[in-house]
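In what follows, a structure is listed as structure tokens, so that the remarks can point back to it.
The values are calculated or read from the model by the stated rules, or taken from the named source; none is laboratory data. Keep in mind the model is a prediction, meaning the values are calculated, not measured. Counting neighbours? That spans all protein chains shown, and the Cβs are built from the backbone with ideal geometry, glycine included. With ligands, DNA and RNA removed, areas are computed over all heavy atoms of the protein, side chains included. Shrake-Rupley method; radii C 1.70, N 1.55, O 1.52, S 1.80 Å.
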Amino acid sequence: MTTVLEAYKYCDLCPRSCGVDRTLGGRGRCHAGAVPRVAHTMLHMWEEPCISGTRGSGTVFFSGCSLGCVYCQNAEISGGYLGAEYDEKGLASLFLSIEAQGAHNINLVTAAHHAPHISKAIFIARERGLSVPVVYNTSGYESQKALALLSGRVDIYLTDFRYHNAKTAARYSSAPDYPDVARRALDTMIKQVGAPQLGVDGLMQKGVIVRLLLLPGHLIEAKQILKEVYSAYGDSVYISLMSQYTPRAGIGVRFPSLARTVTPYEYASLVAYAQDLGVTNAFTQEGSSATDSFIPPFLAK
């Protein structure tokens, strides 16, 4: 009988398609092995209101990342070595325990490099009574293969759209293909889960939220992304305009333009542009969101 580990023998789960055998200890661009590592779980109160609600989103942070942005706020875990290992049954039990804590949903952060385990774990958890929505929290750099594994399993896609320009994507994430990959991924996500569905409590049950992180000095590019997404999908997605960019220590040495936070003018301009376009299904942030206090303490195990 085929196991989930078979998918890691010649890995092509992300757009990098490294081809390494992760079952023999190989690690590609995601830095992850063949068994998922969970660095931290928490009831997250600082996601979008329709995700966090009043009790929090049951967030599961996975170690490793296939994108590897130079400004990553979760750089502590992107190396793939922090956290405890969980197989698919262990993950299912973890999801159920988080639901039992009162979480409105199960929020899987940066999980693409373990899509086979994730898909199986969600199936097992549902069989064992998991009743809350599953949120897939992603950079947007998703392969069609991974998304196919998640079809029918994920209820809500919480996806970034980081770059409109291939040169920007290459400079900050070594991924010049990011804009095209993110476009295809977003289209697939919307086809899978459909238009937003909110419960009577205002919490999202189905749908897609597109996060647009404004980078300092990249207002024009952010507006290009916003226009493209809204022109293509209108109110069939929610758009989250994020001002929370926080410079990592020392980033200004190689990337001087990223050594500051976003100015109030830059963010106000992006919000005004969204209003001019007619965007109504949107979330905005307060200026105080640019702080590392929202980054959870990750655990080494």
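Is there a residue in region 113-135 that is open to solvent by 10 Å² or more (accessible area, probe 1.4 Å), touching a residue at least 12 places away in the same chain (Cβ under 8 Å), closer than 26 Å to Tyr245 by Cα and of a type outside the set (Ser, Thr, Tyr)? Among the residues of region 113-135, not one is open to solvent by 10 Å² or more (accessible area, probe 1.4 Å), touching a residue at least 12 places away in the same chain (Cβ under 8 Å), closer than 26 Å to Tyr245 by Cα and of a type outside the set (Ser, Thr, Tyr), which makes the answer no. Taking region 191-212 as the range and being of a type in the set (Val, Ile, Thr) and buried (at least 18 other Cβ atoms within 10 Å of the Cβ) as the test, the residues that pass are Val193, Val208, Ile209, Val210.
Quick check: anything in region 1-10 in contact (Cβ under 8 Å) with a residue 24 or more places away in the chain, in a loop (DSSP other than H, G, I, E, B) and not hydroxyl-bearing (Ser, Thr, Tyr)? No, region 1-10 contains no residue that is in contact (Cβ under 8 Å) with a residue 24 or more places away in the chain, in a loop (DSSP other than H, G, I, E, B) and not hydroxyl-bearing (Ser, Thr, Tyr).
Residues that are over 27 Å from Gln244 (Cα atoms) and in contact with a helix residue (DSSP H, G or I) (Cβ under 9 Å, 6 or more places away or on another chain) do occur in region 35-51, at least one of them.
Selection within region 69-85: residues that are touching a His at 6+ places or on another chain (Cβ under 8 Å) and assigned to a loop (DSSP other than H, G, I, E, B). The member of this set that is surrounded by the most Cβ atoms within 10 Å (Cβ to Cβ) is Gly83. Only a single item in (1) farther than 29 Å from Arg248 by Cα; (2) open to solvent by 10 Å² or more (accessible area, probe 1.4 Å) is not met by Arg22, and it is number (2).
The rows are residues; the columns are (1) within 20 Å of Gln197 (Cα to Cα); (2) surrounded by fewer than 21 Cβ atoms within 10 Å (Cβ to Cβ); (3) β-branched (Val, Ile, Thr).
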position: Leu214; (1), (2), (3): no, no, no
position: Val237; (1), (2), (3): yes, no, yes
position: Ile251; (1), (2), (3): no, yes, yes
position: Pro256; (1), (2), (3): no, yes, no
position: Thr263; (1), (2), (3): no, yes, yes
position: Glu266; (1), (2), (3): no, yes, no
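When you scan region 96-107, do you find a residue that is assigned to a strand (DSSP E or B) and touching a residue at least 12 places away in the same chain (Cβ under 8 Å), even just one? Within region 96-107 (the criterion being assigned to a strand (DSSP E or B) and touching a residue at least 12 places away in the same chain (Cβ under 8 Å)), the answer is yes, since at least one residue qualifies.
Quickly run through region 204-218 and pick out the residues that are under 16 Å from Asp160 (Cα atoms) and of a type in the set (A, V, I, L, M). If the condition is that a residue be under 16 Å from Asp160 (Cα atoms) and of a type in the set (A, V, I, L, M), then Val208, Ile209, Val210, Leu212, Leu213, Leu214, Leu215 are the ones that fit.
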